[in-house]
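Taking it in order: structure first as structure tokens, then the write-up.
The values are calculated or read from the model by the stated rules, or taken from the named source; none is laboratory data. Being a predicted model, the structure only gives us computed values, none of them experimental. Backbone-built Cβ (ideal geometry, glycine too); neighbour counts: all protein chains shown.
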Amino acid sequence: MSPPQRLRIAVLNRHFGYRFGGAERYAAAIAEALASTHEVHVFAQDIEHHHPGITYHPVSRPFKRPRWVNQLWFALQTWRMTRRGFDVVHSHENTWHGHVQTVHVRPFRMGLFHGLSTGKRWLRWLSLFTSPRLITYWCLEAARFSPQADRRVVATSSSVMLETVAAYPHTASMMEVIPPGVELPASRLPAAAARAALRLPADVPLALFVGNDFDKKGLPTLLEALAQTSGLHLAVVGQGRHLERYQQQMQALGLTERVHLLGSLTDVTPAYAAADWLVHPTTEDTYAMVVLEAMAHGLPVIVTSARHCGIAAELQHGRTALILDDPLDTEALAQLLRSLLDDMALRVKLAQAGEPFTKNRTWRSAAAHYEALIQSVQKSSTSP
């Protein structure tokens with residue numbers, strides 16, 4: 001069997017690097033994997049990434065505010081920069097160009113009208129056509145999902161796929177689901193060394209929270225639950241907004257000595273090694289790569305139900321994870337924290353479930369799916 005044709009692939013993502021968030025980590029991991037067999041070029045405005053097989057092209061950003069103007073600028077500039085010389089354009093952004101469009105979040109159209117009464121829908125239509133911001137997002141997204149023979153749409157979770165098809169029914173025939181993957185660690189850093197490196201206390205039970213949007217990822221509820229869980233410490237990785245408000249909440253709850261703010265980490269591996277388990281009480285997450293990564297590092301996990309977090313649809317309560325039905329239920333979360341704190345056998349059971357769950361969910365397998373998709377796109381674009 002002949003090796004796949006080496007293609008010139010353009011990857012579009014405004015923020016490119018592992019620090020920015022789950023969608024950006026997804027884009028970077030897939031680009032790295034594809035760079036082993038193809039010529040990969042990244043077009044981004046913020047680049048915090050280095051890989052020897054990738055060529056980086058900075059995109060200007062004359063408009064930091066408003067965001068919708070920058071979104072339109074990025075689409076225009078990347079269209080100009082990639083319309084010639086590339087076999088495949090892979091976009092992780094709302095752009096009208098791109099053979100492969102990877103969707104990480106609920107479609108804008110779905111968020112605009114979902115769950116509204118008839119009267120409120122009419123008001124929303126009125127606001128849409130009188131707002132340059134809304135109409136720009138609307139038009140960019142509609143163009144992104146416009147039918148083309150050589151276009152494929154990738155959803156990063158089943159929930160994103162269902163919502164995209166609900167908003168744009170014609171995308172059903174163009175749709176693939178390629179969930180995030182994980183890099184399986186060859187070995188685990190000793191917990192003592194990891195805690196020392198991160199300046200964390202050595203001899204205390206330690207839960208881990210990872211996320212940049214503290215409100216959406218459920219940190220306020222977690223702090224309330226932590227206050228009901230005597231002796232447990234919490235390491236927080238991320239750079240959330242309104243940090244002073246959370247510090248005030250910690251002080252009011254008497255948690256100043258038990259919560260350790262680590263800020264944004266380029267490599268979260270030491271935090272996984274330092275922790276005893278991960279808590280992810282998110283109110284809205286299309287998948288939650290952090291849960292998959294924690295399980296790959298041998299951590300038990302507490303995660304909200306599939307109504308709020310995509311990966312939970314693949315997990316079983318008490319067997320592969322502890323599932324929190326309501327992300328705002330402080331008492332229920334505190335009970336789950338105490339169950340892990342008090343039951344070592346449960347912690348061991350959940351930790352051992354991580355390896356079989358993650359072994360077939362690697363970035364290599366996700367990239368192989370993209371490889372097949374890109375080859376089919378290339379065949380479609382060159383067919384008479």
Mind checking which residues of the stretch 20-65 are over 16 Å from residue 374 (Cβ atoms), of a type in the set (Asp, Glu) and assigned to a helix (DSSP H, G or I)? 24
Does the stretch 172-184 contain at least one residue that is touching a residue at least 12 places away in the same chain (Cβ under 8 Å), of a type outside the set (Asp, Glu), touching a Gly at 6+ places or on another chain (Cβ under 9 Å) and surrounded by fewer than 21 Cβ atoms within 10 Å (Cβ to Cβ)? no
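Restricted to the stretch 367-377, and to residues that are in contact with a strand residue (DSSP E or B) (Cβ under 9 Å, 6 or more places away or on another chain) and either outside any helix (DSSP H, G or I) or crowded, with 18+ Cβ neighbours inside 10 Å (or both), which residue is modelled with the highest pLDDT?
Of the residues in the stretch 367-377, the ones in contact with a strand residue (DSSP E or B) (Cβ under 9 Å, 6 or more places away or on another chain) are 369-370, 373-374, 376-377.
Pick out the ones that are also either outside any helix (DSSP H, G or I) or crowded, with 18+ Cβ neighbours inside 10 Å (or both) and you get 370, 373-374, 377.
Working: 370: 94, 373: 91, 374: 90, 377: 84.
Applying the filter and picking the extreme gives 370.
Can you tell me how many residues within the stretch 66-104 are among the hydrophobic types (A, V, I, L, M, F, W, C), under 23 Å from the mean Cα position of the chain (by Cα) and under 19 Å from residue 375 (Cα atoms)?
Step one: of the stretch 66-104, the residues among the hydrophobic types (A, V, I, L, M, F, W, C) are 68-69, 72-76, 79, 81, 86, 88-89, 96, 100, 103.
Next, only the ones that are under 23 Å from the mean Cα position of the chain (by Cα) stay: 68, 72, 74-75, 89, 96, 100, 103.
Okay, now just the ones that are also under 19 Å from residue 375 (Cα atoms), so 89, 100.
Count: 2.
Would you mind finding the one in 328, 346 that is over 25 Å from residue 102 (Cα atoms) and assigned to a loop (DSSP other than H, G, I, E, B)? Before you say what the answer is, go through the steps one by one.
Values: 346 fails: assigned to a loop (DSSP other than H, G, I, E, B).
The unique qualifying residue is 328.
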State whether one or more residues within the stretch 313-335 are at pLDDT below 95 and touching an Asp or Glu at 6+ places or on another chain (Cβ under 6 Å). no
Of the listed residues (337, 350, 328), the one being touching a Pro at 6+ places or on another chain (Cβ under 6 Å) and in contact (Cβ under 8 Å) with a residue 12 or more places away in the chain is 350
So residue 330 fits all but one of (1) touching a Leu at 6+ places or on another chain (Cβ under 8 Å); (2) crowded, with 18+ Cβ neighbours inside 10 Å; what number is the exception? (1)
Keeping to the stretch 242-264, report how many residues are without any contact (Cβ under 8 Å) to a residue 60 or more places away in the chain, surrounded by 11 or more Cβ atoms within 10 Å (Cβ to Cβ) and among the small types (Gly, Ala, Ser). 1
May I ask you to list pairs of residues, at least six apart or on different chains, whose Cβ atoms are under 6 Å apart, with the first in the stretch 186-214 being over 18 Å from residue 269 (Cβ atoms) and at pLDDT below 95 and the second being surrounded by 14 or more Cβ atoms within 10 Å (Cβ to Cβ) and not polar (S, T, N, Q)? 202/195; 214/240
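Results for (1) in the same structural domain as residue 112 (by TED's automatic domain parsing); (2) in contact with a strand residue (DSSP E or B) (Cβ under 9 Å, 6 or more places away or on another chain); (3) at pLDDT 90 or above, shown as yes or no for each residue.
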| residue | (1), (2), (3) |
| --- | --- |
| 132 | yes, no, yes |
| 136 | yes, no, yes |
| 141 | yes, no, yes |
| 146 | yes, no, yes |
| 149 | yes, no, no |
| 154 | yes, yes, yes |
| 161 | yes, yes, yes |
| 164 | yes, yes, yes |
| 171 | yes, yes, yes |
